[in-house]
1. Around Tyr22, under 14 Å between beta carbons, what's the net of Lys plus Arg minus Asp minus Glu among the other residues?
2. If you build the Cα gyration tensor of the chain and take the root of 5 times each eigenvalue, what three semi-axes come out, in whole angstrom, biggest first?
3. Relative contact order (percent) for region 2-84, with alpha-carbon contacts under 8 angstrom and 6 or more residues of separation?
4. Helix-only estimate, please: 222 nm mean residue ellipticity of the chain, summing -39500 (n - 2.57) across DSSP H runs of length 4 or more and dividing by its residues, to the nearest 500.
Amino acid sequence: MLAHAVTIALALFSIAILFTLYRLIVGPDVVDRILALDTMAVNLIAVIVLTGIRMGSNILFEAALLIALMGFVSTVALTRYLMRGDLIE
């Protein structure tokens, strides 16, 4: 039963990644594109964790943690650059 649930969740998160990729490309504003990039990072983390559950591998959870950290830092850096025009004060 868990295998079926993980497969369905992987399919749904893959579709969500495609939708956010569309918003990233077509987004009407820079803010929408930044939010789409952040949402795509969250969906990618979910796909990696679900793949780790499906494969029974612990190393993928560490990879998901690193990608979550990089996604957060990149979102903050892009937002700060958008608001101030520079990253370092």
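Each value in this text was obtained by applying a stated rule to the coordinates, not by laboratory testing. Owing to the predicted nature of the structure, the values given are computational and were not obtained by experimental measurement. Cβ: placed from backbone, ideal geometry, glycine included. Neighbour counts: every protein chain shown.
1. Values: positive: Arg23, Arg33; negative: Asp32.
Neighbourhood net charge equals +1.
2. Values: eigenvalues 172, 58, 6 Å².
Each semi-axis is the square root of five times an eigenvalue, giving 29, 17, 5 Å.
3. Numbers: 64 pairs, mean separation 23.5, N = 83.
It comes to 28 percent, rounded to a whole number.
4. Values: 3 runs with 77 residues, N = 89.
-31000 deg cm²/dmol, from helical runs alone.
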